[in-house]
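Accompanying notes for the structure given below.
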Amino acid sequence: MIDAEDEVGFTDIYVDDDIVERVTDVLRSTRYVKGPELASFESAFADACGVDHAVGVNSGTAAILLSLQAAGVGPGDEVFVPGNTFFATASPVLNLGATPVFVDVDPETYTMDPKDFAAKAEDAENPTAVVPVHIYGHLVDVEAVLAVAADYDLAVIEDACQAHFAERDGHVAGTVGDAGAFSFYPSKNMTVAGDGGMLVTDDDELAATARQLRNHGRDESGTHQSLGLNHRLDEVKAAVGNEQLRHIDDWNEARNSAAQQYTDRLATIPEVTTPHEADDAFHVYHLYVIQVPAEERDEFREYLDERGIQTSLHYETPLHEHPVMVERVGETTLPVTEELYERIVSLPMHPRITDDELDRVCAAIEDYFETEACEESR
Ligand SMILES: Cc1ncc(COP(=O)(O)O)c(C=O)c1O
């Protein structure tokens, strides 16, 4: 049995006295919605991204939903989404009455494959938008995706929920399309200590529409102009966001450097495929995802678990295979995504992971494959 303090945790959430004091100040102020914390969080987040507008909302899912809705996506529209992503990339599409079209992923970066995107766009009857996902913290091939989107005049809504301030080819996640969506769910690279999200854009009209939609579609005069819901980000959460934002660059650097340590060591194990970083990419490693032989994955995870090392799967089921997607969209085959889903394992990753913890994870993986090799040669 491993003592709890000897476990290598999958993630770790940061709380300090500054956060606690700031939250306490908000609680004492009794101003809980639409107040100064939200205004300053939006302005600081927009500045940090280098965009004109940031609209705080109550989840990453809401940020995707409102981006699509504000971009005019509705019934009958087709929206391209990658197969390798969380459910919430596509559920807003269905909630707006539009149809997701699933696209396969690049075998190296695991992000949307621009070639498959182009092929699916050519076959589509009513292509309207694309939601590229910067999965695990690595940007999609932005130039290639934007080129296909331009050919079909598609709105580009980036799902940057796992990629706060990741970069590629000089582009910052969330800032290259019509709008970008971020999540502040507790395990994300930065959090608001609960659910929260941000929509960023340079488009004045899209920002104004999203602001209205997040507040019941209500305009300044108090009348309801559009069919919005309550998607507001409240003051306590925004206060936490303001404090967390001060650390995000350091945290991303720490994640990236932990990832380099993993990769340097694990790349020598033939059975393990380590994550790929495109040239000129800054990967923020929301997740550090390796591939292992499919037939050994369960045993491998169990071996690490017995040594107190937590692992996870992102995800267990490809997006297009979830029952509700099959029911609403029909069967789709995405060979690269499907093969990947048999092999992926997410290793512990967070900014405060220690050298000792990284060493323990790598040593356990080395031991596992050495033992396997010995058993096979017997
Ligand atoms: C890729 C991706 N898209 C969308 C979401 C939805 O964000 P949230 O959980 O904040 O609604 C998440 C987070 O869970 C995510 O990882």
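The values are calculated or read from the model by the stated rules, or taken from the named source; none is laboratory data. On a predicted model such as this, the values are computed, not experimentally measured, just so you know. All Cβ positions, glycine included, derive from the backbone under ideal geometry; neighbour counts span all protein chains shown.
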Inset, instruction - Determine if the range 231-241 includes at least one residue that is acidic (Asp, Glu), within 16 Å of the ligand (Cβ to nearest atom) and touching a residue at least 40 places away in the same chain (Cβ under 8 Å). - result: yes
Inset, instruction - Would you mind telling me which numbered condition in (1) assigned to a helix (DSSP H, G or I); (2) under 21 Å from Ala166 (Cβ atoms); (3) over 19 Å from the mean Cα position of the chain (by Cα) Glu253 fails? - result: (3)
Inset, instruction - Determine, yes or no, whether Gly56 is in the same structural domain as Arg168 (by TED's automatic domain parsing), over 16 Å from Val156 (Cα atoms) and more than 16 Å from the ligand (Cβ to nearest atom). - result: no
Inset, instruction - Might you let me know whether the range 290-304 holds any residue that is modelled with pLDDT of 95 or more, exposed (fewer than 12 other Cβ atoms within 10 Å of the Cβ) and among the aliphatic types (A, V, I, L, M)? - result: no
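Just checking, which of Ala155, Ala124, Ala160, Ala150 is in contact (Cβ under 8 Å) with a residue 60 or more places away in the chain and under 22 Å from Val73 (Cβ atoms)? Let's see the steps before the verdict.
Values: Ala124 fails: in contact (Cβ under 8 Å) with a residue 60 or more places away in the chain; Ala160 fails: in contact (Cβ under 8 Å) with a residue 60 or more places away in the chain; Ala150 fails: in contact (Cβ under 8 Å) with a residue 60 or more places away in the chain.
Of the residues listed, the single one that is in contact (Cβ under 8 Å) with a residue 60 or more places away in the chain and under 22 Å from Val73 (Cβ atoms) is Ala155.
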Inset, instruction - Please tell me if Phe87 is in contact with a Lys or Arg (Cβ under 7 Å, 6 or more places away or on another chain), modelled with pLDDT of 95 or more and either of a type in the set (Val, Ile, Thr) or within 18 Å of Ile64 (Cα to Cα) (or both). - result: no
Legend entry - Leading residue by the ranking (farthest from the chain's Cα centre (by Cα)) among those in the range 79-103 that are within 13 Å of the ligand (Cβ to nearest atom) and in a helix (DSSP H, G or I): Asn95
Legend entry - Hits in the range 183-197 - residues which are near the ligand (Cβ under 10 Å from one of its atoms) and buried (at least 24 other Cβ atoms within 10 Å of the Cβ): Ser183, Phe184, Val192, Gly196, Gly197
Inset, instruction - For Leu213, work out the one condition from (1) within 14 Å of Thr61 (Cβ to Cβ); (2) within 22 Å of the chain's Cα centre (by Cα); (3) not basic (Lys, Arg) it doesn't fulfil. - result: (2)
Legend entry - Criterion: within 25 Å of Thr175 (Cβ to Cβ), surrounded by 14 or more Cβ atoms within 10 Å (Cβ to Cβ), within 14 Å of the ligand (Cβ to nearest atom) and in contact (Cβ under 8 Å) with a residue 60 or more places away in the chain - qualifying residue of Ala44, Ala62, Ala71: Ala62
Inset, instruction - Give the number of residues within the range 210-234 that are crowded, with 22+ Cβ neighbours inside 10 Å and out of contact with any strand residue (DSSP E or B) (no Cβ under 8 Å at 6 or more places or on another chain). - result: 1
Legend entry - Selection within the range 296-342 - touching a Lys or Arg at 6+ places or on another chain (Cβ under 8 Å), assigned to a loop (DSSP other than H, G, I, E, B) and charged (D, E, K, R): Arg307
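Condition first: in contact (Cβ under 8 Å) with a residue 40 or more places away in the chain and over 12 Å from Asn84 (Cβ atoms). Now tell me which residues in the range 307-323 satisfy that.
Here is the first cut: in the range 307-323, the ones in contact (Cβ under 8 Å) with a residue 40 or more places away in the chain are 307-312, 314-315, 318-320, 322.
Correct list: Arg307, Gly308, Ile309, Gln310, Thr311, Ser312, His322.
For every residue, the table says whether it meets (1) farther than 19 Å from Asn189 by Cα; (2) assigned to a loop (DSSP other than H, G, I, E, B); (3) modelled with pLDDT of 95 or more.
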position	(1), (2), (3)
Met1	yes, yes, no
Glu5	yes, no, no
Asp18	no, no, yes
Glu21	yes, no, yes
Leu27	yes, no, yes
Tyr32	yes, yes, yes
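Do you know which residues across the range 125-147 are of a type outside the set (Ser, Thr, Tyr), more than 16 Å from the ligand (Cβ to nearest atom) and within 18 Å of Leu68 (Cα to Cα)? Spell out how you get there, then give the answer.
Quick first cut of the range 125-147, residues of a type outside the set (Ser, Thr, Tyr) only: 125-127, 129-135, 137-147.
This time we only want the ones that are more than 16 Å from the ligand (Cβ to nearest atom), so: 125-127, 141-144, 146-147.
Asn126, Pro127, Leu146 - these are the residues of the range 125-147 that are of a type outside the set (Ser, Thr, Tyr), more than 16 Å from the ligand (Cβ to nearest atom) and within 18 Å of Leu68 (Cα to Cα).
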Inset, instruction - Give the number of residues within the range 258-292 that are touching a Lys or Arg at 6+ places or on another chain (Cβ under 7 Å) and either outside any loop (DSSP other than H, G, I, E, B) or more than 16 Å from the ligand (Cβ to nearest atom) (or both). - result: 5
Inset, instruction - Would you please list the contacts, defined by Cβ atoms under 9 Å and residues six or more apart or on different chains, that run from a residue in the range 185-199 that is part of a loop (DSSP other than H, G, I, E, B) to a residue that is near the ligand (Cβ under 8 Å from one of its atoms) and β-branched (Val, Ile, Thr)? - result: Asp195/Thr61
